[in-house]
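Written below as structure tokens is the structure these notes are about.
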Amino acid sequence: MGKLDLSTAANRDDGYIPASASLYSGISRHDFPEDFLWGIATSAAQIEGAAFEDGKGLEIWDVFSRIPGRTFGGQTPDLACDYYHKYPEQLAMMKELGFNSHRFSFSWARIIPDGTGPVNQKGLDFYRRAVDKMLELGLTPNATLYHWDLPQGLEDRGGFLNRDVVNWYGEYATLLFETFKNEIPLWVTFNEPIATYVGYALGAFAPGRRLEKFGRQANHNLLLAHGEGVRRFRDVFGEKKPYDLSHANIGIVVDIWHHHPARPDNPDDVRIAELENEKAYRSYLNPVFKGCYTDALLKYMEETGSMPEIRPGDMESICEPLDFFGLNCYNRVVDSAEPSAVKEEIEFRGGNYMDNGQEFYPEAIYDALHNLRDNYFTDIPVIITENGTFNCGETPVPDENGYMRVHDTTRIRYLHGFLTCLKKAIDDGFDVRGYNVWTLLDNFEWPAAYSYKFGLVKTEPGAPGENPYVKKDSAFWFKRFLE
Ligand code: FCB
């Protein structure tokens, strides 16, 4: 793909209001609590680039993306959005759009190149500069320790299949807690544990292994590492206190893609959806909040010969009390033994497909909060740690002044819908303290690499050199929402 020629157009936003804004109005930040956190979420491997710079070690996506056929067009995260060099302007863009928080992740391999052993001071210094910049701009840092990018050096030692990962992770976590003790009020142990299952059982994510038993064992060890991370946190920050931004707080991020049976009275549909819910999120939420796997998951693991090694005391050590919960919510899933029933269910609700072929179902966020409150906890707040959508008509077109515009109206509709349902949940008494949109820039979207565009701002990730930033209509919409 050639470079976008946007030299006459980039960032012309003086007074620009997308035509679609009037369609998606009637709600603004003033409908949410005063001290609500409004953030943009990113992750290291997806934006940083600089994969081989300043002493960074390889992480599993550096390696996986080089295996033929594993990512779109063989694209790699080598350059991504070059956040490593351009973080000042990219953070400033968040501020300029009106956000007051930023959820990001640390790259373990940038900090400890082999995963254990010597620390790469240049890596730590980079995060020091970035966090200082966030604070200077008034962006409350919300830091994730692990967002899918295991150091390859650890994968070579078995990765999440090796129970030693608990201690490897613990040491890494302690280093970061101590380094950023006074700067970061929000910490997340792991982002979406299911990605590790996908990487070890289904082969679709790094490291690309393919055995159900590997997936279950990797997940069990990850959950143990999560518990270890929380204990390490308490060692550094002291005993658990109620959630408050005046001190450090810790949580985990799980994505809830709830599976609905297309025909609720059809036993096959119900059975399929129930099993998928076990695999999608109950396998994480149950151990973390209740200290056990569900009977249904145990039965499934028994029947599929995928029972992980669970030692005495494991389940207790996974369910360490948390200070908040991070919810990633993108959509629901409709399941059926009969594919046409899925289509019927979705179309029955109003022909609600988006440009990218996914269902438009903003109630997913309301349902997920209900699910959490009804089944898992009532005593800690929730932060929406990710919400967003992709490929909403991303081709720039010139406006009447010759400025390039991206009319991603479907993204505005999506964000407006989810925020409206989130507001309803808060009005109904759900304790939600923040919302993070995924994401600022088009970036490295895992196997889909640079072909899935999730940004509020268009850029050419993965292309060398100076890339333009073009605010999409959704960026202008969000800016007005936040004003
Ligand atoms: C989430 C991931 C995030 C990004 C978005 C689109 O599941 O946490 O890294 O890929 O999806």
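The values are calculated or read from the model by the stated rules, or taken from the named source; none is laboratory data. Since we're looking at a predicted model, the values are computed, not measured. Don't worry about glycine lacking a Cβ; one is built from the backbone with ideal geometry, like all the others, and counts go over all protein chains shown.
Yes/no per residue for (1) within 21 Å of the chain's Cα centre (by Cα); (2) modelled with pLDDT under 95; (3) within 16 Å of the ligand (Cβ to nearest atom):
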| residue | (1), (2), (3) |
| --- | --- |
| Asn162 | no, no, no |
| Val166 | no, no, no |
| Tyr169 | yes, no, no |
| Leu176 | yes, no, no |
| Thr189 | yes, no, yes |
| Tyr197 | yes, no, yes |
| Ala201 | yes, no, no |
| Gly208 | yes, no, no |
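So that you can scan it fast, the table gives a plain yes or no per residue for (1) out of contact with any Asp or Glu (no Cβ under 6 Å at 6 or more places or on another chain); (2) modelled with pLDDT under 95; (3) part of a loop (DSSP other than H, G, I, E, B):
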position	(1), (2), (3)
Tyr414	yes, no, no
Phe418	yes, no, no
Lys424	yes, no, no
Lys453	no, no, yes
Gly465	yes, yes, yes
Ala475	yes, no, no
Arg480	yes, no, no
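When the residues of region 120-144 are filtered to those that are buried (at least 24 other Cβ atoms within 10 Å of the Cβ) and within 16 Å of the ligand (Cβ to nearest atom), which remaining residue is nearest to Ala218 (Cα to Cα)?
Thr144
Out of Ala109, Ala44, report the one residue that is buried (at least 18 other Cβ atoms within 10 Å of the Cβ), out of contact with any Leu (no Cβ under 8 Å at 6 or more places or on another chain) and either small (Gly, Ala, Ser) or free of Cβ contacts under 8 Å to residues at least 12 places away in the same chain (or both).
Just one listed residue meets the conditions, Ala44.
Restricting the search to region 12-41, which residues are in a helix (DSSP H, G or I), surrounded by 13 or more Cβ atoms within 10 Å (Cβ to Cβ) and modelled with pLDDT under 95?
Hits for region 12-41 are Ser20, Ala21.
So Val333 passes all but one of these: (1) within 16 Å of the ligand (Cβ to nearest atom); (2) surrounded by 20 or more Cβ atoms within 10 Å (Cβ to Cβ); (3) β-branched (Val, Ile, Thr). Which condition number does it fail?
Every listed condition holds for Val333 apart from (2).
Would you say His220 is touching a Ser or Thr at 6+ places or on another chain (Cβ under 7 Å), of a type outside the set (Asp, Glu) and surrounded by 23 or more Cβ atoms within 10 Å (Cβ to Cβ)?
No; evaluated as a whole, the condition is false for this residue.
Look through region 377-397, keep the residues that are under 29 Å from Lys290 (Cα atoms) and assigned to a loop (DSSP other than H, G, I, E, B), and return whichever of them is nearest to the chain's Cα centre (by Cα).
Result: Asn387.
I'd like to know if region 367-389 contains one or more residues that are among the β-branched types (Val, Ile, Thr), surrounded by fewer than 21 Cβ atoms within 10 Å (Cβ to Cβ) and either within 16 Å of the ligand (Cβ to nearest atom) or on the phi < 0 side of the Ramachandran plot (or both).
yes
Each row is one residue, and each column tells you yes or no for (1) closer than 24 Å to Asp164 by Cα; (2) of a type outside the set (Ser, Thr, Tyr).
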site	(1), (2)
Leu275	no, yes
Ser283	yes, no
Pro287	yes, yes
Ala296	no, yes
Thr304	no, no
Arg311	yes, yes
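Please go through (1) within 16 Å of the ligand (Cβ to nearest atom); (2) over 15 Å from Tyr200 (Cα atoms) for Trp148 and return the number of the only condition it doesn't satisfy.
(2)
Which residue pairs have Cβ atoms under 6 Å apart, sit 6 or more places apart or on different chains, and have a first residue in region 146-173 that is more than 20 Å from Phe233 (Cβ to Cβ) and a second that is within 16 Å of the ligand (Cβ to nearest atom) and assigned to a loop (DSSP other than H, G, I, E, B)?
Within 6 Å, the pairs are Asp149/Ser107; Gly159/Leu150.
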